[in-house]
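The values are calculated or read from the model by the stated rules, or taken from the named source; none is laboratory data. Since this is a predicted model, take the numbers as computed values, not measurements. Cβ placement follows ideal geometry from the backbone for every residue including glycine, while neighbour counts extend to all protein chains displayed.
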Amino acid sequence: MNRIFVCQTKGFNLLFFVFVIMLLLVLFILQSTAFFTLLERHLLGLTQMRFGPKKLSFFGLLQPIIDGLKLCKKEQLLIFNCPFSVFFGITVLSFVLLFLEFIILPYSYSFLYYFFSYLFLLIILGINVYFILLAGIFSKNKYAYIGSIRSRVSNVSFEVCFSLLVLIFILIQKSYCINSYYNFSYLLLFFCVLLVVIVDLARVPFDYAESESELVRGFNTEYSSVGFVLFFLKEYSSFIFFSIYLTSTFFNINYIFVIFILYLVTYIRSSLPRVRYDKMMILIWCILVFFISSFLLMFYVFLSF
């Protein structure tokens with residue numbers, strides 16, 4: 001009986017420890033997302049020769065919290081012939097799936113080690129697309145529906161390119177797990193991965209999913225209040241996730257390069273105009289897919305001998 005009690009106590013302590021770690025992970029993700037928005041607004045202000053938010057506290061440190069509270073106070077209109085549980089549940093499930101992406105990153109804790117993390121990442125990225133499509137369908141709005149279709153097409157292009165890149169990483173590492181690894185040959189693929197990630201995140205110059213510079217937005221046109229906040233947090237948290245993923249894949253988890261990637265993508269947003277949709281399709285399907293497939297064939301032939 002004593003042995004059974006000791007085993008149950010150890011199991012309970014392990015579950016409690018994992019729960020505390022996951023709770024801290026969620027809090028840190030939300031905190032980093034909130035303050036990254038503040039950093040982005042300051043950087044955009046510098047590129048446009050103006051000040052960013054600076055009224056609330058020191059350098060506007062309370063600005064993300066006040067903005068979040070203000071957004072949550074907005075009124076959410078109910079969609080006719082659409083259950084609110086489905087309409088709002090799409091945003092919640094999409095937000096929950098976001099945290100599963102952070103679990104597969106290479107941490108120093110062994111209990112978070114997942115052997116098939118590359119495959120798990122591809123599954124999550126594939127499922128995320130359906131939430132955007134469903135958000136446009138259940139909005140009962142033609143602008144939201146067209147925006148969700150545009151997002152679906154660009155995400156299919158991303159998944160094809162990213163799957164080929166994952167095959168290259170699996171061939172080189174000979175493992176299905178995302179590891180902190182550095183190889184000089186990887187640097188040749190860094191800008192390909194960065195470009196593909198920008199397409200997936202719908203950042204300028206490829207922001208076809210939301211079209212944030214237009215009067216009518218994309219798939220989230222009918223979302224406001226908490227629903228819009230969840231979509232907003234998911235977008236920026238995914239950006240932070242891919243920055244850490246790129247750093248772990250190409251620079252052996254050097255967090256200086258995480259800041260570098262965040263700065264780089266922000267300055268791309270402030271300096272480049274939106275690319276025409278057909279040119280983006282030509283860039284992905286006629287140039288990137290061919291280039292990445294050539295690399296995949298080259299690595300396969302090289303590693304076979």
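Looking at Leu262, Leu233, can you tell me which residue is within 20 Å of Cys192 (Cβ to Cβ) and under 14 Å from the mean Cα position of the chain (by Cα)? Write out each step before concluding.
Values: Leu233 fails: within 20 Å of Cys192 (Cβ to Cβ).
Among Leu262, Leu233, only Leu262 is within 20 Å of Cys192 (Cβ to Cβ) and under 14 Å from the mean Cα position of the chain (by Cα).
How many residues are of a type outside the set (Gly, Ala, Ser), surrounded by 11 or more Cβ atoms within 10 Å (Cβ to Cβ) and either at positive phi or part of a helix (DSSP H, G or I) (or both) when one looks only at segment 15-60? Even if it seems obvious, please write down each step before you answer.
Step one: of segment 15-60, the residues of a type outside the set (Gly, Ala, Ser) are 15-31, 33, 35-44, 46-51, 53-56, 58-59.
With the extra rule that they be surrounded by 11 or more Cβ atoms within 10 Å (Cβ to Cβ), the set shrinks to 17-18, 21-22, 25-26, 28-31, 33, 35-44, 46-47, 51, 53-54, 56, 59.
Still in the list and also either at positive phi or part of a helix (DSSP H, G or I) (or both): 17-18, 21-22, 25-26, 28-31, 33, 35-44, 46-47, 59.
Adding up the residues that qualify gives 24.
Say whether the condition of being buried (at least 16 other Cβ atoms within 10 Å of the Cβ), of a type in the set (Ser, Thr, Tyr) and within 30 Å of Gln173 (Cβ to Cβ) is met by at least one residue in segment 108-115.
So in segment 108-115, the residues buried (at least 16 other Cβ atoms within 10 Å of the Cβ) come out as 112, 114.
Restricting the remaining residues to those that are of a type in the set (Ser, Thr, Tyr) gives 114.
Next, only the ones that are within 30 Å of Gln173 (Cβ to Cβ) stay: 114.
Taking every residue of segment 108-115 in turn, at least one turns out to be buried (at least 16 other Cβ atoms within 10 Å of the Cβ), of a type in the set (Ser, Thr, Tyr) and within 30 Å of Gln173 (Cβ to Cβ).
Among the residues that make up segment 237-248, is at least one of them under 30 Å from Pro83 (Cβ atoms) and in contact (Cβ under 8 Å) with a residue 40 or more places away in the chain?
Of all residues in segment 237-248, those under 30 Å from Pro83 (Cβ atoms) come to 237-238.
Then drop every residue that is not in contact (Cβ under 8 Å) with a residue 40 or more places away in the chain, which leaves 237-238.
For segment 237-248, residues under 30 Å from Pro83 (Cβ atoms) and in contact (Cβ under 8 Å) with a residue 40 or more places away in the chain: present.
Out of the residues in segment 78-89 meeting the condition of being under 19 Å from Ile132 (Cα atoms) and in contact (Cβ under 8 Å) with a residue 60 or more places away in the chain, tell me which one is surrounded by the fewest Cβ atoms within 10 Å (Cβ to Cβ).
Ile79
Out of (1) assigned to a helix (DSSP H, G or I); (2) more than 18 Å from Ile261 (Cα to Cα); (3) modelled with pLDDT under 85, the odd one out for Asn179 is which?
(1)
Against the condition within 19 Å of the chain's Cα centre (by Cα) and of a type outside the set (A, V, I, L, M), how does Phe95 come out, does it pass?
Working: within 19 Å of the chain's Cα centre (by Cα): yes; of a type outside the set (A, V, I, L, M): yes.
Against the criterion (within 19 Å of the chain's Cα centre (by Cα) and of a type outside the set (A, V, I, L, M)), Phe95 qualifies.
Yes/no per residue for (1) of a type in the set (Val, Ile, Thr); (2) under 14 Å from Tyr223 (Cα atoms); (3) at pLDDT 85 or above; (4) in a helix (DSSP H, G or I):
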residue: Glu101; (1), (2), (3), (4): no, no, yes, yes
residue: Tyr107; (1), (2), (3), (4): no, no, no, no
residue: Leu134; (1), (2), (3), (4): no, yes, yes, yes
residue: Ile137; (1), (2), (3), (4): yes, yes, yes, yes
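Scan segment 265-278 and tell me whether some residue there is touching a residue at least 60 places away in the same chain (Cβ under 8 Å), within 19 Å of Ile149 (Cα to Cα) and in a helix (DSSP H, G or I).
Our first condition is that a residue be touching a residue at least 60 places away in the same chain (Cβ under 8 Å); within segment 265-278, this holds for 265-275, 277.
From what is left, the residues that are within 19 Å of Ile149 (Cα to Cα) are 274-275, 277.
Keeping just the survivors that are in a helix (DSSP H, G or I) gives 277.
Yes, that holds for at least one residue.
Looking at segment 234-247, can you tell me whether even one residue there is touching a Pro at 6+ places or on another chain (Cβ under 6 Å), part of a helix (DSSP H, G or I), among the polar types (S, T, N, Q) and farther than 30 Å from Ile146 by Cα? First the steps, then the outcome.
Looking only at segment 234-247, we keep the residues that are touching a Pro at 6+ places or on another chain (Cβ under 6 Å), and these are none.
Among the residues of segment 234-247, not one is touching a Pro at 6+ places or on another chain (Cβ under 6 Å), part of a helix (DSSP H, G or I), among the polar types (S, T, N, Q) and farther than 30 Å from Ile146 by Cα, which makes the answer no.
Before we move on, is Leu296 surrounded by 14 or more Cβ atoms within 10 Å (Cβ to Cβ), more than 30 Å from Pro64 (Cα to Cα) and in contact with a helix residue (DSSP H, G or I) (Cβ under 6 Å, 6 or more places away or on another chain)? Show your work before the answer.
Values: surrounded by 14 or more Cβ atoms within 10 Å (Cβ to Cβ): yes; more than 30 Å from Pro64 (Cα to Cα): yes; in contact with a helix residue (DSSP H, G or I) (Cβ under 6 Å, 6 or more places away or on another chain): yes.
So Leu296 fits the description; yes.
Restrict the check to segment 248-256 and report whether at least one residue is in a helix (DSSP H, G or I), within 20 Å of the chain's Cα centre (by Cα) and exposed (fewer than 14 other Cβ atoms within 10 Å of the Cβ).
First, pick out the residues of segment 248-256 that are in a helix (DSSP H, G or I): 248-250, 255-256.
If we keep only those that are within 20 Å of the chain's Cα centre (by Cα) as well, we get 248-250, 255-256.
Applying the additional criterion that residues be exposed (fewer than 14 other Cβ atoms within 10 Å of the Cβ) yields 255-256.
Yes, that holds for at least one residue.
Here are some residues: Ser185, Ser154. Which one is on the phi < 0 side of the Ramachandran plot and at pLDDT 80 or above? Outline the logic, then answer.
Values: Ser185 fails: at pLDDT 80 or above.
Being on the phi < 0 side of the Ramachandran plot and at pLDDT 80 or above holds for just one of Ser185, Ser154, which is Ser154.
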